[in-house]
Structure formats: C-alpha cells, structure tokens
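Enquirer: This is the structure, below, for whatever I ask next.
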Amino acid sequence: MPTPTFAPAFVACLIAVFSGCATVTRGSEDVLEIETKPAGAQVQTSNGMSCLTTPCALKMKRKSEIVVDINKTGCKPVRVNVTHRTAGGGSAAIAGNILVGGIIGLGVDAATGASQELVPNPVKVELECRRR
C-alpha cells in the first residue's frame, strides 16, 4: 500500500500554525496585577504609571524592569521590584521559531520582549498598618 506523499508537508504546516512566534501569539504587553491587604492602597511605578486604589491592573511592556511603590495612610510604605523572565509560552514560541526556521520571528520576539513575562505577577503585598 503506498504511503501518502503529502504527510511531511502536512506536519510542517501544523508545526508552523501551532508554533507561531510569541509576538503574534502573546503580544509585547502584559497586565501587571497589584493586590494589597488591606485593599485601598495607592500605587506608583518607576515608569510613570499609577493606580488610585488597589486592587488594580496596569498594562505595560513584557520586558519592563520597574519599581512599584505602594502607599496607604497609616501603613508602612512598600517597594517591590518587578522584572521579567522567559515565559513558558514564550519558550514554546522560541522553539517554534527555531523549528520552522523563523530567524526573523526570533529576532522580532527578542526585540519586542514578547517571549517574556513580568515577575512577580500578581504583586501581592500585606501592608503593616497601625491599629486604630
């Protein structure tokens, strides 16, 4: 019985479709979630973003390196460093770029930071507040 000659081409197409570059599948921005206990704190980031009250979410570049300052009246201020790392989904997209021969896609992902994710995310902080 003859084997189909289109099988290798079909498999290559499936790989190309399901391993698209991270820039297309994930985008270059992420949402940083900030939660505090108690809620209602103000947030200011070193890249100029802010929230009037927690919990909140800020959309920023996946390859951001920022400092998050959290303040609430009657509580000690808290500073959290947020950085980035290669995400699980980002690794798969990088592998897909390599398998499919997408050196251009690999370069685009590196430039946009699409293969990255913000850490920690969410930022969860328990504030030390004075008792009333």
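Read the figures in this text as sums done on the coordinates, not as results from a lab. Everything quoted here is computed from the prediction, not taken from an experiment.
Enquirer: Can you tell me which aspartates and glutamates have their Cα less than 16 Å from the Cα of Lys72? Leave out same-chain residues fewer than eight positions away.
Expert: Within the straight-line limit of under 16 Å, Lys72 reaches these aspartates and glutamates: Glu35, Glu126, Glu128.
Enquirer: Per residue of the stretch 37-51, what does 6.51 cos²θ - 1.76 cosθ + 1.60 with θ = phi - 60° give for ³J(HN,Hα)? Whole Hz please, x for Gly and Pro, Karplus curve as stated.
Expert: 10, x, 6, x, 7, 9, 10, 9, 10, 5, 9, x, 8, 7, 10
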